[in-house]
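Input: a single structure, listed below in structure tokens.
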Amino acid sequence: MMKHEQPALPYAMNALSPFLSEEQLFYHYSKHHAAYFANLNRLIEGKKEGALTMRELIQTTHGPIFNNAAQAWNHNFFWLLLAPKPGQQVKGHLKKSIEQHFGSFEAFKTAFSDSANTIFGSGWAWLAKSHDGKLEILALPNGENPIKYGKEAVLGLDVWEHSYYIDYRNRRADYTQKFFEHINWDFAEDHFIKPQL
Ligand code: FE
């Protein structure tokens, strides 16, 4: 039986302010994200799914177990992708690959932001990498992520209302814009080269 544990937040609860306030991050990490782990562990207890890793659960299950496993993983990834110190720039192999696929970083940023801002209802905007190295933007509903489709996440932006509504109310586009100032590009590039989780 594999019990899945929510990793500690990699920075203080107020470290992302004013991009995300302490209250916003507290509800998101300590209530929403924690609940996905509690639900997942309850759902797989005593079942064959209890022997699977989080990736295996995402690749092979459907319904409530998938939803909670995927959301547990998605937020694990999201916290690592965010940087307390604003203003990091994309660089290295990832910069080159984004420019090759989208023409320029600015063109990519516009396309990704449009995608994030127009997801209807709950979901995530992803920059995903296929096994052949192709990059693409995926707008996926609810907890779906690139792993479900045999790809890897490079960037992911949670656009569930729970992720921004305390700080941004209905202004999702402002949240998306601020997200780009708080990307941990070191983590994104490491994960782009070799998946870290
Ligand atoms: Fe969330």
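In this simple spin-label model, placing a label point 7 Å from the Cα along the Cα-to-Cβ direction at both Ser130 and Glu161 gives a separation of 3.6 nm.
Give the carbon-plus-sulfur fraction of the accessible surface of the chain in %, rounded to a whole number; probe 1.4 Å, heavy atoms of protein chains only.
Details: 4940 of 9390 Å².
About 53 percent, which is the carbon plus sulfur part of the accessible surface.
The calculated 222 nm mean residue ellipticity attributable to helices in the chain amounts to -13000 deg cm²/dmol, summing -39500 (n - 2.57) over DSSP H runs of n ≥ 4 and dividing by all residues. Here His101 and Ala51 are evaluated by their C-beta separation; at R0 = 41 Å the FRET efficiency comes out at 0.65. Computed on the stretch 92-193, with alpha-carbon pairs under 8 angstrom and 6+ residues apart, the relative contact order is 25 percent. Per residue, the average separation of C-alpha pairs within less than 8 Å and at least 6 apart gives the chain a relative contact order of 24 percent.
Annotation: lysines with alpha-carbon distance below 19 angstrom to Lys129 (same-chain offsets under eight excluded): Lys91, Lys95, Lys96, Lys109, Lys148, Lys151, Lys194.
Determine, from the Cβ-Cβ distance of Asp114 and Glu5 and an R0 of 35 Å, the FRET efficiency 1/(1 + (r/R0)^6), rounded to the nearest 0.05.
On the way: r = 36 Å, r/R0 = 1.03.
Taking R0 as 35 Å, the efficiency between Asp114 and Glu5 is 0.45.
Between the amide H of Leu82 and those of Asn184, distances stay under 5 Å, these residues lying 5 or more places away or on another chain, with hydrogens modeled in the peptide plane. Between the listed residues Leu157, Gly63, Gln196, the Cα displaced farthest toward the positive end of the dipole of the chain, a dipole computed from Cβ unit charges relative to the Cα centre, is found at Gly63. Fraction of C-alpha pairs exceeding 26 angstrom in the stretch 1-135: 37 percent, rounded to a whole number.
Could you compute the net charge surrounding Asp174? Neighbours are other residues with a C-beta less than 12 Å from the C-beta of Asp174; K and R count +1, D and E count -1. Intermediate results must be reported in sequence, preceding the final value.
On the way: positive: Arg169, Arg171, Arg172, Lys178; negative: Asp167, Glu181.
So the surrounding residues net to +2.
To the nearest ten degrees, helix 172-181 and the longest principal axis of the Cα atoms of the chain are 80 degrees apart. Projecting the Cα atoms of Tyr29, Asn41, Trp79 onto the charge dipole of the stretch 22-81 (Cβ charges, centred on the Cα centre) puts Asn41 farthest toward the positive pole.
Modelled spin-label separation between Ala38 and Glu181, with each label point placed 7 Å from Cα along the Cα-to-Cβ direction: 3.4 nm. Solvent-accessible surface of the chain, averaged per residue with a 1.4 angstrom probe and all protein chains in place: 48 square angstrom.
The values are calculated or read from the model by the stated rules, or taken from the named source; none is laboratory data. Bear in mind that the values here come from a model prediction, so they are computed numbers and not experimental data. Here Cβ is always computed from backbone atoms with ideal geometry, including for glycine, and neighbour counts include all displayed protein chains. Each accessible area value is taken on the protein alone, full model and side chains, heavy atoms only, with ligands, DNA and RNA left out. Shrake-Rupley method; radii C 1.70, N 1.55, O 1.52, S 1.80 Å.
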